[in-house]
Amino acid sequence: MMSLDVSARLYDTRVFVRVCTSLACEVVQHARAQGTNSSVIAGRAALSREFIDFLERDLPGIASAVIGLLVAVAVLIGMDPVIGFACLLLFAPLAAISRRLSMRSLAISRRLNDRLEREIAVLREARLEVARRHFQVLGKWRVRLSAAEARAFGLMEVCVIVLVAAALMRLSQSEAVQAGDVYAVFSYIWRFVVSLDQAPPTVQRIAKLRDLTRRISLQDTEPMPDRS
């Protein structure tokens, strides 16, 4: 395990640097072929780094969360099928919450990325108030992203509270239940909950990458009108 860990730390940066270089060059090449403004090209090349960050940092966390969810549900079904299937039923409202968060995050990310694409051109302006206004609007869109994530997280936590209450009621109805059984059940419920906590930021990251994919694809699009 130590050898694998050291090898990964040695080589992952080299791999992702090459991927980042290749992707940035393709973004520049496609944008130039479409006659895109040079400042927008620079902005898109910088935004393309988001894909590398997702592969390098977020994807391992997503894989770990998915494995944690599957293991927790499988063990809970084996220990108490009612609690295990209650966890499965929880996926329905969580999917609805995630879908709504994805749509909202995609709309906000488009506005935010429009601003980031024009950042270099804005910063070339001599007027300080123009730059100040630019960063204020960036902050506003980031606050809205954070608020959307917080609302989704809160709704998911309400669902988790319902699950925990149901598990408590289920275990309290059994006369043969032991303290170790309660501890084991709630240990895996906790693992299930911790894995679910990765959902809101992951949904937002994927929504942002969807918008970036649209921007750096072969079919160029005009920036959306700024409604800030």
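The values are calculated or read from the model by the stated rules, or taken from the named source; none is laboratory data. These numbers come from a predicted model, not from an experiment. Every residue, glycine as well, gets a Cβ built from its backbone with ideal geometry; the counts of neighbours run over all protein chains shown.
Being in contact with a Lys or Arg (Cβ under 8 Å, 6 or more places away or on another chain) and either modelled with pLDDT under 90 or closer than 21 Å to Asp53 by Cα (or both) is a property that Pro223 has. For Ala24, the conditions (1) touching a Ser or Thr at 6+ places or on another chain (Cβ under 9 Å); (2) within 30 Å of Ile189 (Cα to Cα); (3) not charged (D, E, K, R) are fulfilled apart from (2). Working only within region 170-220, note down all residues that are within 27 Å of Glu149 (Cβ to Cβ), free of Cβ contacts under 8 Å to residues at least 40 places away in the same chain and among the β-branched types (Val, Ile, Thr). Those that are within 27 Å of Glu149 (Cβ to Cβ), free of Cβ contacts under 8 Å to residues at least 40 places away in the same chain and among the β-branched types (Val, Ile, Thr): Val193, Thr213. The residue that is farthest from Arg99 (Cα to Cα), among those in region 179-217 that are part of a helix (DSSP H, G or I), polar (S, T, N, Q) and modelled with pLDDT of 85 or more, is Ser187. Picking from residues in region 89-147 that are touching a residue at least 24 places away in the same chain (Cβ under 8 Å) and small (Gly, Ala, Ser), the one that is farthest from Gln198 (Cα to Cα) is Ala121.
In summary, Ser172 fulfils each of the numbered conditions (1) among the hydroxyl-bearing types (Ser, Thr, Tyr); (2) over 20 Å from the mean Cα position of the chain (by Cα); (3) under 19 Å from Ala199 (Cα atoms) with the single exception of condition (3). Counting only residues that are of a type in the set (Val, Ile, Thr) and either within 15 Å of the chain's Cα centre (by Cα) or buried (at least 18 other Cβ atoms within 10 Å of the Cβ) (or both), region 88-121 holds 2 of them. Restricting attention to region 47-59 and to residues that are free of Cβ contacts under 8 Å to residues at least 40 places away in the same chain and over 12 Å from the mean Cα position of the chain (by Cα), the residue that is nearest to Cys87 (Cα to Cα) turns out to be Ile52.
If you filter region 30-49 down to residues that are surrounded by 15 or more Cβ atoms within 10 Å (Cβ to Cβ) and in a loop (DSSP other than H, G, I, E, B), you find that the one that is modelled with the lowest pLDDT is Thr36. Of everything listed in (1) free of Cβ contacts under 8 Å to residues at least 40 places away in the same chain; (2) at negative phi, the single unmet condition for Gly35 is (2).
The criterion of at least 1 residues that are within 18 Å of Thr202 (Cβ to Cβ) is met by the following helices (runs of 4 or more DSSP H) wholly inside region 50-162: 59-79, 91-117. Within region 169-187, the set of residues being over 15 Å from Ala72 (Cβ atoms) and either surrounded by fewer than 15 Cβ atoms within 10 Å (Cβ to Cβ) or in contact with a Pro (Cβ under 9 Å, 6 or more places away or on another chain) (or both) comprises Met169, Ser172, Gln173, Ser174, Glu175, Ala176, Val177, Gln178, Ala179, Gly180, Asp181.
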